[in-house]
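**Q** The structure is given below, and queries will be raised subsequently.
Derivation of every value follows stated rules applied to the coordinates shown; laboratory data play no part. It should be emphasised that the depicted structure is a prediction, and the values quoted were computed from it without experimental measurement. Reconstructed Cβ throughout: ideal geometry from the backbone, glycine too, with neighbour counts over all protein chains shown.
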């Protein structure tokens, strides 16, 4: 799924510069990595990055319970997907 993020021209240019000069990345990859740290996906940078991403989220938006519930739901969905893939693979090996 693709999403669109609305930025002003100035915000986009600043994000591109930040991504390039601080991380040697394009802005899309930088945002994907930030999201990866928030939701613990393939693009996570590790446990420290996840911790700091969640600290930012808590400071910026508060309500730690909601964030934890969302994280738990995402983990449960990933676990269910892995189990379904594993079951499908085992079913195909027979």
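**Q** Does residue 31 meet the test of being within 17 Å of residue 78 (Cβ to Cβ), under 16 Å from the mean Cα position of the chain (by Cα), free of Cβ contacts under 8 Å to residues at least 40 places away in the same chain and surrounded by 16 or more Cβ atoms within 10 Å (Cβ to Cβ)?
**A** Answer is no for this residue.
**Q** Related question: Somewhere in the stretch 36-46, is a residue more than 20 Å from residue 3 (Cα to Cα) and exposed (fewer than 13 other Cβ atoms within 10 Å of the Cβ)?
**A** Among the residues of the stretch 36-46, at least one is more than 20 Å from residue 3 (Cα to Cα) and exposed (fewer than 13 other Cβ atoms within 10 Å of the Cβ), which makes the answer yes.
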